[in-house]
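A short worksheet on the structure shown next.
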Amino acid sequence: MRKNIVAGNWKMNTTLQEGVALAKEINEALKGVETKCDVVIATPFIHLVPVVEAVDAARIGVGAENCADKAEGAYTGEVSAAMVASTGAKYVILGHSERRAYYHETAEILKEKVVLALANGLTPIFCVGEVLEEREANKHFDVVGAQIKDSLFDLSAEDFAKLVIAYEPVWAIGTGKTATADQAQEIHAFIRQTIAEKYGKEIADNTSILYGGSCKPSNAGELFAKPDVDGGLIGGAALKADSFMGIITAFE
Ligand code: PEP
């Protein structure tokens, strides 16, 4: 059966020293705590090695927030999936709305990134989500369905089964405005149905679908109680060990 996962996305926050200190704090806080979820922290590239070394790999999976859409070569400033994997990281966030919006990542580019991540043994946490105008025009199902189909549906069933999906309504990211638990459940169920239609019920039932967007200790319990919400991708609240722990321990 699918796993519950709480994954922190640090974005472009924390110096190297601050990031390592935060990772150690989370690692300490988890000691002796029985969790009902896997815990992931996704950090800036340069933090990966020391963060991998600072945490107990049995309790915390480390991830990158992006990787290149090319395997290697003359792509100045890029970091490949193989490089990410060589740090000991196990996950990579792909398709975050900030990357789609600010760095013009298209469905085609993301398709390449997913293939390279999988080829290097990384678990992609693939983000989808609509902007406010699309939600208000009731187009969110179409938008999210297309994001999944356009980047992921050329994968074999075996590869698709390795993915984690994160539904992140763009209007809820960093805004303090969370989707209601019912809104999250509705679209998570739609995502699972979309997967089932392509890859079958078993793979759909085994796919972890995380919610992201202003998730915090006070609303995580209600969101995670929904049958198709399998945890969260957490931005702001992942930058403090106590709020991140409050979300990790929010499963009933
Ligand atoms: C995110 O960017 O993945 C996110 C969910 O951010 P926040 O929790 O700050 O809304």
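The values are calculated or read from the model by the stated rules, or taken from the named source; none is laboratory data. Note that the coordinates shown come from a computational prediction; the quantities given were computed from them, not determined experimentally. Using ideal geometry, Cβ is built from the backbone for each residue, glycine included, and neighbour counts are taken over all protein chains shown. These area figures cover heavy atoms from the full protein model, side chains too; ligands, DNA and RNA do not enter into them. Shrake-Rupley method; radii C 1.70, N 1.55, O 1.52, S 1.80 Å.
Worth a mention:
- Taking the 1.4 Å solvent-accessible surface of the chain as the whole, the part contributed by carbon and sulfur is 52%.
- Solvent-accessible area per residue in the chain equals 45 Å², computed with a 1.4 angstrom probe and all protein chains kept.
- log₁₀ of I(q)/I(0) at q = 0.17 Å⁻¹ - the chain, Debye sum with one point per alpha carbon: -1.36
- Largest first, the extents of the alpha carbon coordinates of region 123-252 on the three principal axes equal 39, 32, 22 Å.
- Gain on full stretching of the segment that runs from Asp242 to Lys24 - 0.36 nm per residue minus C-alpha separation: 77.2 nm
- Mean-position separation - Cα centroids, region 180-223 and region 17-87, in angstrom: 24
- Local net charge near Ser80, Cβ-Cβ under 13 Å (Lys/Arg +1, Asp/Glu -1): -2
- Our analysis of region 102-156 gives Rg over Rh at 1.03, with the two radii drawn from alpha carbon positions and Rh computed by the Kirkwood formula.
- The chain, dipole about Cα centre (Lys/Arg Cβ +1, Asp/Glu Cβ -1), debye to the nearest 20: 300
- Charge context of Thr178, other residues only, Cβ under 10 angstrom, K/R +1, D/E -1: +1
- Placing +1 on the Cβ of every Lys and Arg and -1 on the Cβ of every Asp and Glu, with nothing else charged, gives region 58-174 a dipole about its Cα centre of roughly 420 debye.
- Most mobile listed residue (Pro217, Pro44, Pro227) in the chain, GNM with C-alpha springs under 10 Å: Pro227
- Taking the chain as a Gaussian network of alpha-carbon nodes connected by springs under 10 Å, the highest mean-square fluctuation of the residues Gly121, Gly129, Gly231 belongs to Gly121.
- Look at the dipole of region 96-252 built from charges on Cβ: of Gly200, Thr249, Thr180, the Cα furthest out on the positive end belongs to Thr249.
- Rg/Rh for region 1-61, where both radii come from Cα atoms and Rh is the Kirkwood radius: 0.97
- Of all the options Glu186, Glu202, Glu25, the one that moves most in a Gaussian network model of the chain with Cα springs shorter than 10 angstrom is Glu202.
- Pairs from the list Lys3/Lys24; Lys70/Lys149; Lys70/Lys216; Lys70/Lys201; Lys31/Lys201; Lys90/Lys198 with a Cα-Cα gap above 29 Å: Lys70/Lys216; Lys70/Lys201; Lys31/Lys201.
- Applying 0.36 nm per residue to the separation of Val33 and Lys162 and subtracting their alpha-carbon distance, the gain on full extension is 43.7 nm.
- Local electrostatic count at Asp56 - Lys and Arg +1, Asp and Glu -1, tallied over other residues with Cβ under 15 Å: -1
- For region 140-221, trypsin sites (Lys or Arg not before Pro) meeting the loop criterion (DSSP other than H, G, I, E, B) and having at most 14 other Cβ atoms within 10 Å: Lys177.
- Computed helical MRE - 222 nm, the chain, DSSP H runs ≥ 4 contributing -39500 (n - 2.57), nearest 500: -12500 deg cm²/dmol
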